[in-house]
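The values are calculated or read from the model by the stated rules, or taken from the named source; none is laboratory data. It should be emphasised that the depicted structure is a prediction, and the values quoted were computed from it without experimental measurement. Using ideal geometry, Cβ is built from the backbone for each residue, glycine included, and neighbour counts are taken over all protein chains shown.
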Ligand SMILES: Cc1cc2nc3c(=O)[nH]c(=O)nc-3n(C[C@H](O)[C@H](O)[C@H](O)COP(=O)(O)O)c2cc1C
């Protein structure tokens, strides 16, 4: 069984901290998991039979954070049902004062679906401080995956 991959896109490390917290929570529930910087991940790694949890912020005008750019681009150019064996969920960090609120989370969520991956929980778009929504999402994730 593959460890659960928690991949983070970040510029000021909020998403990284949350990804590491989620990895700890999954391990505390007896599951195998790893938090990974998106710049160290490629599409073949995501296509392995397993679970991918995406935690990402948004920058610029709805753009991916720097470390997420290459992976999002690879997902946009991937073929057909490249992620048919993948299960996934997305947590987006953002700020609704920007016109393209949580756009990068939306883009990952849409690309995974387009490539045939199966969504295990609805996407969350967190506005401002993500802590409370993340706690709730983390509980749901652990509940779904621990069973
Ligand atoms: C220069 C700048 C641009 C941003 N652009 C957006 C945006 O287009 N949409 C959005 O929802 N949030 C935007 N944000 C908010 C960040 O996504 C948010 O602060 C997030 O929590 C940062 O997470 P990180 O520390 O993991 O990078 C922007 C923030 C900054 C500083």
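Numbers at a glance
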{"item": "Residue match in the range 72-90 (condition: farther than 20 Å from residue 116 by Cα, modelled with pLDDT of 95 or more and surrounded by 23 or more Cβ atoms within 10 Å (Cβ to Cβ))", "result": "no"}
{"item": "Answer residue from the range 22-42, given it is touching a residue at least 60 places away in the same chain (Cβ under 8 Å) and touching a helix residue (DSSP H, G or I) at 6+ places or on another chain (Cβ under 7 Å) and is nearest to the ligand (Cβ to nearest atom) among those", "result": "22"}
{"item": "Residue match in the range 90-109 (condition: without any contact (Cβ under 8 Å) to a residue 40 or more places away in the chain and more than 13 Å from the ligand (Cβ to nearest atom))", "result": "yes"}
{"item": "When residues of the range 43-71 are limited to those that are assigned to a loop (DSSP other than H, G, I, E, B), within 15 Å of the ligand (Cβ to nearest atom) and in contact (Cβ under 8 Å) with a residue 24 or more places away in the chain, the one surrounded by the fewest Cβ atoms within 10 Å (Cβ to Cβ)", "result": "61"}
{"item": "Candidate set from the range 2-16 (those that are near the ligand (Cβ under 9 Å from one of its atoms) and in contact with a strand residue (DSSP E or B) (Cβ under 9 Å, 6 or more places away or on another chain)); member that is nearest to residue 145 (Cα to Cα)", "result": "8"}
{"item": "Residue match in the range 119-130 (condition: within 16 Å of the ligand (Cβ to nearest atom) and loosely packed, with under 13 Cβ neighbours inside 10 Å)", "result": "yes"}
